[in-house]
Amino acid sequence: MKHNENGRVVIVCYSYSDNFAYMEQKLSQAFKKLGYQVTVLCSTANRIDAKNVVHVNSGEYITEHGYTVCRLKFIMGGHLPEHKLPIVLSGVYAKLCDIKPDIIYHMGISVNLLDVKKYVKMNSDVKLFVDNHASYANSAHNFLSMVIQHKMLYRGIARSVMPYVKKFFYIAGAEKVFLEEVYRIPHNRMSLFALGDLCPDDAEYRAARVGIRKELDIDDKDIVLTISGKFTRQKATVEIIKAMKQITDKRPTFRVLIVGDVQDTSIEEEFIGLIESCDKRQVKHLGWKTSGELKRILCASDIYVQASGSSTFQTAVCCGCVGVAVDKEKTYSVYPEGLFTIVDSIKAMGEFVDDLVSHNSLAGIKTISFSMAKEELDYGAQITRELIEEYDDQG
């Protein structure tokens, strides 16, 4: 199957943050690499760091990756805290008429889906896909949100556009449950579009791995484990580092890289003391890194661990790491078996990593998971499989 090099794709999303690498950026890059002309329709909301969102001017610009970002003004909801009111963007239908897309990927259920429905209804050859990022963990926490916004407004919109949607996607297990229970989307209309990343090619992977290991004075034969994120008590950061320190104490070739900063004052003193007690050669706290810098570090790593859901986990596996997680929320229950290793506790995580290191089984597991990631998590592969090939013969 050949991709249409003149094909046009529109991605509709609430916000677009220039300095971050969220799903909307990565999807846009993946479509662009496949030869499509890509436009992102989004609001003027632009996240500048983990805590702050600013509003920029409306208008269009081309990114460094060659796709267009078109920022639209809000009709309602934009200048209130996120999710307090339904977000409605101005001019979505007009932009669709101007761009004339072949594929529309709409991120989340929103009022603007009615604009998209109007366009697709008039242009039946357009393929519309809608994904869901809402779950009980991040949405519908009070009566107004659950009953009025989600069960009445958004469920009604989802049911209204259903005849025009090729697929409703869920990005993980909790989002699938929300689609089923809150929006009442039939199971046969849903499919997994995994929260993933862009897998580096062999040259990119090797260059990053060699470069970072040289920069950090890590031998090619050393085994590197990485932990990253905003460190909190809930994410069990201190407990994970303690478990990995037990391995570094007895295995000189085992290295731990810690990327990120403490976001919880209740663990700050303990975190600092723990880092200071570790061998400086084996355990390095690298501080906060950009998404690009982190991805290069992950290419230089062999194992990635976490105790709570984070998209960096999938990015790590896309970069060749063996992913090991405690998954109490069942985030990864819908992902293909073999991509990750799921354990019950931090203690079990430490035991698994120790066994992985001591029995020389790491290389085989890395090869299997990396190969699977290129098929199951890479956005280019997912787009080809879920959006293009399945409908290629249907017109």
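What follows is calculated from the coordinates using simple rules that are stated; it is not laboratory data. If you're wondering where the values come from, they're calculated on a predicted model, not measured in any experiment. Methodologically, a virtual Cβ is constructed for each residue, glycine included, from the backbone with ideal geometry; neighbour enumeration extends over all protein chains shown.
Points worth noting:
- Ranked MET162, MET244, criterion: other C-beta atoms within 10 Å, fewest first: MET162, MET244
- Cα centroids of the stretch 20-49 and the stretch 81-140: 15 Å apart.
- Computed magnitude of the charge dipole of the stretch 155-245 (debye, nearest 20; Cβ of K, R +1, Cβ of D, E -1): 620 debye
- Label point distance in nm, VAL210-GLN234, each placed 7 Å from Cα along Cα→Cβ: 4.3 nm
- This ranking places ILE247, ILE297, ILE272 by how few other beta-carbon atoms lie within 10 Å of each, fewest first, which gives ILE272, ILE247, ILE297.
- Distance between the stretch 313-364 and the stretch 243-304 - C-alpha centres, whole angstrom: 17 Å
- Taking 29 Å as the limit for the C-alpha separation, the pairs LYS280/LYS347; LYS121/LYS374; LYS26/LYS166; LYS33/LYS100 exceed it in the case of LYS121/LYS374.
- Proxy reagent accessibility, fewest Cβ within 10 Å first, across TYR170, TYR205: TYR205, TYR170
- Under 19 Å from LYS176, Cα to Cα: aspartates and glutamates that are on another chain or at least 8 residues apart: ASP131, ASP327, GLU329, GLU337, GLU376, GLU386
- Efficiency of FRET from Cβ geometry, ASN6 and SER311, R₀ 56 Å, rounded to 0.05: 0.95
- Dividing the C-alpha radius of gyration of the chain by 2.2 N^0.38 Å, with N its residue count, gives 1.02.
- R0 of 35 Å, Cβ-Cβ distance ASP125-GLU181: FRET efficiency to nearest 0.05: 0.60
- Once the Cα gyration tensor of the stretch 223-374 is diagonalised, semi-axes √(5λ) in Å: 22, 17, 15
- Percent of beta bridges antiparallel (DSSP, the chain, rounded to nearest 5): 15 percent
- Here the label points at SER58 and SER291, each 7 Å from Cα along the C-beta direction, are separated by 2.5 nm in the simple model.
- ASP217 versus GLU269: modelled label distance in nm, points set 7 Å from Cα along the beta carbon direction: 3.2 nm
- One chain, two ends: GLU389 and THR68. Fully extended at 0.36 nm per residue, the span grows by 113.1 nm beyond their Cα-Cα distance.
- Dipole-positive endmost among ASN132, TYR154, ALA30 within the chain (Cβ charges, Cα centre): TYR154
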